[in-house]
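Engineer: Before anything else, here's the structure in question.
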Amino acid sequence: MDIDKMFKLPSLPASAGNKRKMPDAPTPEMLKKYKQAEAEPPSGPQSLSTNGKGKARAATVEEDDEDAYNQADRDVYEGDEDDEGRFFGGGLNNEQQQILDIFDKAGDEEDGPTLDLPGLRRQLGKFERIVTKNAEMRGKYPDDPSKFIESESDLDGALKQFLPLTQNPPLFFPELVKSGVVSLLTNLLSHENTDIAIDVIEVIRELTDEDVGAEVDDLEEEEEAESSTNANSGKAYKTRLAMGEFIDELLNNSLLDLLVSNLSRLNEEEETDSQGVFHILGVFENLLSFMPPLAEQIVSDTNLLPWLLKRIQKKEYDSNKQYASEILAILLQDNRDIILKVGELNGMDILLQALSTYRKKDPGDSEEVEYTENLFDVLCSLLSQPEMKKTFVDNEGVELMVLMMKEKLLAKTRAIKVLNYALQTEDGSEGCEKFVQALGLKTFFSSFMGKGEGKKKKLNATSSFEDEEHLLGILVSLFTNLASDTPERIRLIAKFVESGYEKVDRLLEMREVAESRLKGVEKDINMEKRVMQANKEEITDIEESEWYLRRMDAGLSSLQNADYILAWICMEDDGAMTHARVLLSRKDQSFTNIIAVLTEFKENIGDDEGEDEQTEEPNLQKMILEQLIAFMAGLE
């Protein structure tokens, strides 16, 4: 009988990592043992057991073939007894029912007694004694593993006892800190036996996981919140406080340095050590998730960043390489100092070389797709800083992205996103020139016109609307940064004039899609405004800002960019202007609609910079928009 097929469990997702596994299916020996233990004693010398199997059947003096056949037939169909003896049972034969009973009993045994605070204190005391004994045995017999192997086995088992503490962090974690056990755990990260260090790493990962305390039902959380007058008295809040105290104690005991030192001494060619590296990266992910500002301390006080950059350079792909890229992406989120540090470590060149692998091939599986996504996200984070835009150009990043756009693989749309980041602002001017010189316009407008999208859709890359946003963003940068009457700008304008202004048609199609998406959100916002006004609630700048951001996400950003590009085209070429006027009139629109969008665009530029008049970029953008608005107004 194939037990795995009878009780098959769904497989875990790839991102679930290496969580504790379910117990193995019962072996034939286990089944035999439980059958013997549960067999009913015969009621008489000639009586048969209800299941007709095993030793109970052997006790019968004799039985003819017909009885055996009838009994076997009952084995297959017999479920719960019913009055008429028909097939109204549970649908399981006796052997299947026995297996279910075994699982039930095994689950009851594993649950055991619930751990309480006195039990935890006894456990911690025992753990300290085991640690001390192991240290003593290793000190006395450093060259004779047979003398300390038993204490090492005890230590391994004692470490596993910490895993259930995640059930009640507010109760157990303060006791861990108070008892001084945290220092013992961190000291064991330097244990001579790397298996012990890996055990400790796994324990720390479990205790700092973001799902710690998640066994409390959402309904229970809501009831606690409703019944409490103090929002800080809920269990979720107490759990976070307890975890914060525990993590602080870990950090005070040099956790970061010890984790990084283990990254250096573990040999990933061995499966156990490779799992250890995976768990270390998991600890860093937990810490950064709980305490994002910790990124600066990690980068400044440890060698994690160089290790991550070195790890993604390995040619062979594996789960640890993917995890390293994920931690790198987390570290670089909105942190200028770390981004510049990556630049000092030649990170731009390392990333471009890693991505060049996918110029002519797609990632092998979903996990490798996530790896490439992480690398592109890291690259975009780097390009958010002006210094890195020049580094990107110097390392031939523009040329690589153009090549990726030609291949029409998964990396194509990601390359367009990277170019959008690289060409933005005045600092992207050199990149804009390099883009045109690298013959990027031909490849770009192929994507702009929607050609060759079949492969991308098959791979479920990104939404077409998101891709169009990046395409429009690149055009905005090109029109803004390419100087007038230069060969590069003339080639750009020529692209919109050729083939009967088909690219102007496509631009207005994108505008229509963005406008359509925006109308639905604006309808909802207007309804919210009327409700607030009916309730005589004040509409503050906070609400206005939130509504504006919602509109930007819904399509206003694409609409503004499309109209910005259209205004430039109309200014540069009279034929394109006439063509655009005709197309707009067919939709009962005119250049007045364009002017209204550009005016709102101009009024909201520079809000994030505040009142700082020393910032030139907002003034430059407003100046360009003012000229475009004035020109379009003259056409009406």
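Every read-out reported here was derived from the displayed coordinates using simple, explicitly stated rules and does not represent laboratory data. Just so we're clear, the structure is a prediction, and the values are computed from it rather than from any experiment. Please note: Cβ atoms are built from the backbone with ideal geometry, for glycine as well, and neighbour counts cover all protein chains shown.
Engineer: Taking the convex hull of the Cα atoms, report for the range 326-381 its projected area averaged over all directions, in nm².
Structural biologist: Projected area, direction-averaged: 3.7 nm².
Engineer: Output wanted: per-residue J couplings in Hz (rounded whole) for the range 342-358, from phi through Karplus 6.51 cos²θ - 1.76 cosθ + 1.60, θ = phi - 60°, x for Gly and Pro.
Structural biologist: Each residue of the range 342-358 in turn: 4, x, 5, 8, 6, x, 4, 5, 4, 5, 5, 5, 5, 6, 4, 4, 9 Hz.
Engineer: Right, another one. Sort all Cα-Cα distances of the range 549-599 into consecutive 10 angstrom bins from zero, then give the percent of pairs in each bin up to the one containing the longest distance.
Structural biologist: For the range 549-599, the binned pair fractions read 25, 52, 21, 3 percent.
Engineer: In square nanometres and to one decimal, what's the mean projected area of the convex hull around the Cα atoms of the range 445-568?
Structural biologist: Computed as one quarter of the Cα hull surface, the answer is 10.0 nm².
Engineer: Mind checking the dipole of the range 282-376: about its Cα centre, +1 per Lys or Arg Cβ, -1 per Asp or Glu Cβ, Debye to the nearest 20?
Structural biologist: The calculated dipole for the range 282-376 is roughly 400 debye.
Engineer: What FRET efficiency comes out for T592 versus L100 if R0 is 60 angstrom and r is the Cβ-Cβ distance? Round to the nearest 0.05.
Structural biologist: In this case the efficiency is close to 0.20.
Engineer: Please identify every one of the trypsin sites (Lys or Arg not before Pro) in the range 355-435 that sits in a loop by DSSP and has no more than 16 other beta carbons within 10 Å of its own beta carbon.
Structural biologist: Within the range 355-435, the qualifying trypsin sites (Lys or Arg not before Pro) (loop, at most 16 other Cβ atoms within 10 Å) are R359, K360, K361.
Engineer: Convert 4 °C to kelvin, take the viscosity as 1.567 mPa s, use the Kirkwood radius over C-alpha pairs of the range 411-451 as Rh, and evaluate the Stokes-Einstein diffusion coefficient in µm²/s, rounded to a whole number.
Structural biologist: Translational D for this selection: 122 µm²/s.
Engineer: Let me ask another. For a quick check: with amide H placed at 1.01 Å from N, whose amide H comes under 5 Å from K408's, ignoring anything fewer than 5 positions away on the same chain?
Structural biologist: none
Engineer: Could you grab the Rg to Rh ratio for the range 281-382? Cα atoms only, Kirkwood for Rh.
Structural biologist: 0.94
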